[in-house]
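The values are calculated or read from the model by the stated rules, or taken from the named source; none is laboratory data. No experiment lies behind these values; they were computed from the predicted model shown. Here the Cβ positions follow ideal geometry from the backbone for every residue, glycine too, while neighbour counts run over all protein chains shown.
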Amino acid sequence: MAMTRSLAKTSGLIVALILIGCALLSAWAFIAYVKPKVGSVLDQMVNKYDSVLPEITLRNGQASIRGNQPYIVDTMGEKDLAIVIDTREGKQNEARNYLKDVSNGVVLTRDTVITKQDRQIREIPLQGMPDFEINSRNLQELAARYAPQVTALAWGMSVICYFFIKLFQVLILALVPYFAAQSYKVPLRYGEAFKLATFCMVPPVLYDALLYFTDTRIPWSFVIYFAGYVGLLVLAAADLIRNYQPDEGPATSIGPA
């Protein structure tokens, strides 16, 4: 009981640091799990670009490709999607015809990119865009140049997201020991229940991080996460209730002093 009660009365600064630490660990584990998989997919896409798409050159706001046009990209059997490249001079007005029978698609013309999503069409002019060439080699160089910045951004976004996710979990699950204590007339403020919920979150976070680091997939692992979390809160509440000793107040004497 002394241990559980002392956790409930821990300094708010320590609780905040633990909450931040849980968010950092979860973000680290998530990035460590996702990064190589995303990197592998991107590498395959970049390396296969030349076999799927032609080299696209943009000069002075005008796109061009070599070979026969229109170039229709294989959409892997997706009948409601069209990806077409037609940069021939004078064919800009015909570009929308490629999208008339689909609900989603992209057409690159000589001076615009035409997109269709959920049957809504937008035109994006190429004028003012920097000159570039799109091919596997240039995409590899681009990926290598910006990989550190993208990783840093993903890391920062993950930390922020996990912090609010963990904070939300604590705010909700702190109600478990709070209402349990209230039902047995055991004094426990919500702030103290919040602190207990923060400490009880550490083992589930370690469990979740271990799965990510070891690339282990367990069916319904999120159920195990929350079941373990709630189970620890129930044990903490039961310990408080079992060992609670109400104050009897100051002793009074009867009779003459």
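Residues in region 115-159 that are of a type in the set (Asp, Glu) and assigned to a strand (DSSP E or B) were compared, and the one that is surrounded by the most Cβ atoms within 10 Å (Cβ to Cβ) is 123.
Can we say residue 57 is in a strand (DSSP E or B) and among the hydroxyl-bearing types (Ser, Thr, Tyr)? Outline the logic, then answer.
Values: in a strand (DSSP E or B): yes; among the hydroxyl-bearing types (Ser, Thr, Tyr): yes.
Yes, satisfied.
Checking each residue in region 90-114 for being of a type in the set (Gly, Ala, Ser), surrounded by 10 or more Cβ atoms within 10 Å (Cβ to Cβ) and assigned to a loop (DSSP other than H, G, I, E, B) picks out only 103.
Specify the residue that is surrounded by the fewest Cβ atoms within 10 Å (Cβ to Cβ); the eligible residues are those in region 49-81 that are touching a residue at least 40 places away in the same chain (Cβ under 8 Å) and on the phi > 0 side of the Ramachandran plot. Steps first, please.
To start, the set of residues in region 49-81 that are touching a residue at least 40 places away in the same chain (Cβ under 8 Å) comprises 49-50, 53, 55-64.
Adding the requirement that they be on the phi > 0 side of the Ramachandran plot leaves 60-61.
Numbers: 60: 9, 61: 15.
By that ranking, first place goes to 60.
Quickly run through region 117-162 and pick out the residues that are of a type in the set (D, E, K, R) and touching a Ser or Thr at 6+ places or on another chain (Cβ under 7 Å). Outline the logic, then answer.
We begin by selecting, within region 117-162, every residue of a type in the set (D, E, K, R); these are 118-119, 122-123, 131, 133, 137, 141, 145.
Within region 117-162, 118, 119, 122, 123, 133 qualify.
Working carefully through the options 46, 15, find the one that is touching a residue at least 40 places away in the same chain (Cβ under 8 Å) and either part of a loop (DSSP other than H, G, I, E, B) or under 18 Å from residue 163 (Cα atoms) (or both). The unique qualifying residue is 15. Among residues of region 193-225 being assigned to a helix (DSSP H, G or I) and of a type in the set (D, E, K, R), the one that is nearest to residue 162 (Cα to Cα) is 208. Pairs meeting the criteria (first residue in region 176-188 and assigned by TED's automatic domain parsing to the domain that holds residue 200 and over 12 Å from residue 238 (Cα atoms), second residue among the aromatic types (Phe, Trp, Tyr) and surrounded by 21 or more Cβ atoms within 10 Å (Cβ to Cβ), beta carbons under 8 Å, at least 6 apart or on different chains) are 188/178. Against the numbered list (1) under 23 Å from residue 159 (Cβ atoms); (2) part of a loop (DSSP other than H, G, I, E, B), residue 76 comes up short only at (1).
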